[in-house]
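Derivation of every value follows stated rules applied to the coordinates shown; laboratory data play no part. Computed from a predicted model, the values in this text were never measured in an experiment. Here the Cβ positions follow ideal geometry from the backbone for every residue, glycine too, while neighbour counts run over all protein chains shown.
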Amino acid sequence: MQLDQATAEKLQQWERDLNAEYEQLQSRSLNLDLTRGKPSAEQLSLSNAMDGILAGDYTSADGTDTRNYGGIDGIKEMKRLGAEILQVDDGEVLVGGNSSLTLMFQAVLHAYLFGFDGPQSAWSRQQPVQFVCPVPGYDRHFAICEQLGIEMLTVPMTAAGPDMDALENLVRNDPAIKGLWCVPKYSNPTGAVYSAAVVERIAGLGRIAGAGFRVFWDNAYAVHDLGDTPAALASIMDCCRKQGTEDSVIQFASTSKITFAGAGVAFMAASAANLNAFKGSLGIATIGPDKVNQLRHARLFPSLAALHDHMRKHAQIIKPRFACVLDQLEAAFGHCDLGRWESGSGGYFISFSTRPGLAAEVVRLAAAAGVKLTPAGATFPYGRDPDDSNIRIAPTVPNVAELDTAMQVFVICVKLASVRQAIATRQ
Ligand code: PMP
């Protein structure tokens, strides 16, 4: 479909045909959901062996009775696993409860109210407080900033990570910038993996930023590879050590998409100074994390190799789902300019861009045909995509047959919205 070369009659004809196809799909009363990046039930079942795995033995390797209070850092075996996932030393890891998002919120809150470098450094003492958000990005990161009244500035994502020239320029010239959100591997939603050069430059931001600056390095998809040759991500902590900026980065990960999304284990990794400061606040909020669940995870994954084996089983389940979406996009839009898409060799999402001004309309049309998509704009701060173009597709929950139908609807909606726009702009 080459809209720009088509005659007015041809456009009208396409609209009629697409309308007919759309109405036919609408009549099927579908109810499909491509919104959130959740594991499917089959994926969750891969970890059912955790139920009862302790068999009455609640003692961790160092003799701790995990049923009791205490151990704010988490148990040693899980610190080891977290350290391997995040490529840091064991002593740089804190193992928390079920959600890394909670740790991120608490870390930002700690910096805002109490300061990682003492009370004088609390961001709230200086206004405005700003964060840089590479876009498209993760809506829940943006929500944390919004909740605290932190202003968000954007830089574009590229295939190798954030546009570093734009990012360095902002950070160097604006001391109000206190934070940066990053999803460095299989980024949400584009799937990009930050290159070694980008990781190096992000580790260097601490030297050019104003006081109190922190990178929030959310490595949510660190081990979520789909291909047989996992993408390599440089260790940001190693880069920081070389540049003397260890305090400028706080890392996160979790087993939410490894074991149970609602009952996993979260990790935070940071310098000793940052961890100690954070524990000062955390220790007020809790006497300790759920160590029994941590031990269940440690028994399921006695080594990083065991975890990688487990992740290969996830990949087998979700690879055909990604392939289904990508095949349909290629067939429909591979040879025209109605849409572009990005997807990594891992992670949970495919990022699709319509022609400017159409994302909200595509989401509306799809919803009216029974296919729920993530709201247009969600991948941008304040829910505002300046081009109204980006749509995040999450293919893990529906099965392949459902996805196939959902993508037929998606394709028709993109074509219909594009043809209608082309007709309107000619008039
Ligand atoms: N970070 C990213 C980038 C995510 O995509 C998600 C889940 N969609 C999370 C964090 C949530 O992690 P958790 O379940 O550990 O809170």
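Okay, here's what the table says:
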{"read-out": "Dipole of the chain [Lys/Arg +1, Asp/Glu -1 at C-beta], most positive-end residue of Ala376, Gln87, Thr102", "value": "Thr102"}
{"read-out": "Only Lys, Arg (+1) and Asp, Glu (-1) charged, at Cβ; the stretch 206-351 dipole about Cα centre in debye", "value": "500 debye"}
{"read-out": "For a label point 7 Å along the Cα-to-beta-carbon line of Ala424, residues of the stretch 335-362 with backbone N under 12 Å", "value": "356-362"}
{"read-out": "Relative pair counts by distance (%), Cα atoms of the stretch 289-342, 5 Å bins", "value": "4, 16, 15, 12, 11, 10, 9, 9, 7, 6, 1"}
{"read-out": "Estimated FRET transfer efficiency when R0 is 41 angstrom, pair Gln87-Gln24 (beta carbons, to 0.05)", "value": "0.20"}
{"read-out": "Stokes-Einstein D (µm²/s) once Rh is taken as the Kirkwood radius of the stretch 60-303 over alpha-carbon pairs, at 25 °C in 0.890 mPa s", "value": "136 µm²/s"}
{"read-out": "Net lengthening on full extension, Thr158/Glu146 (0.36 nm per residue, minus Cα-Cα)", "value": "1.9 nm"}
{"read-out": "Within the stretch 367-424, trypsin sites (Lys or Arg not before Pro) in DSSP loop having at most 14 other beta-carbon neighbours inside 10 Å", "value": "Arg384"}
{"read-out": "Proximal lysines relative to Lys79, as straight alpha-carbon distance under 26 Å, when same-chain residues fewer than 8 apart are discounted", "value": "Lys38, Lys185, Lys242, Lys257, Lys279, Lys291, Lys313"}
{"read-out": "Gained length - Ala273 relative to Asp165, 0.36 nm times residue gap less alpha-carbon distance", "value": "35.9 nm"}
{"read-out": "Qualifying chymotrypsin sites (Phe, Trp or Tyr not before Pro) for the stretch 63-170 [loop in DSSP, other Cβ within 10 Å: at most 10]", "value": "Tyr69"}
{"read-out": "Centroid-to-centroid separation of the stretch 27-98 and the stretch 109-166 [C-alpha atoms, Å]", "value": "27 Å"}
{"read-out": "At most 12 other Cβ within 10 Å, DSSP loop - trypsin sites (Lys or Arg not before Pro), the stretch 1-57", "value": "Arg28"}
{"read-out": "Stretchable slack from Ala196 to Thr286, in nm (0.36 nm times residue separation minus alpha-carbon distance)", "value": "28.7 nm"}
{"read-out": "Kirkwood-based shape ratio for the chain, expressed as Rg/Rh from alpha carbons", "value": "1.01"}
{"read-out": "Label-point separation, Glu42 to Ala211 (7 Å along Cα→Cβ), nm", "value": "5.5 nm"}
{"read-out": "Bridge type composition, the chain - antiparallel percent by DSSP, nearest 5", "value": "50 percent"}
{"read-out": "Helix-only mean residue ellipticity at 222 nm for the chain, each DSSP H run of n ≥ 4 adding -39500 (n - 2.57), per residue, nearest 500", "value": "-13500 deg cm²/dmol"}
{"read-out": "Span-rule helices in the chain, defined as complete DSSP H runs reaching 30 Å or more along the axis (Cα) with Kyte mean at least 0.5", "value": "400-426"}
{"read-out": "Residues Arg364 and Thr7, FRET efficiency given R0 of 45 Å [Cβ-Cβ distance, rounded to 0.05]", "value": "0.95"}
{"read-out": "Estimated FRET transfer efficiency when R0 is 51 angstrom, pair Ala331-Arg125 (beta carbons, to 0.05)", "value": "0.35"}
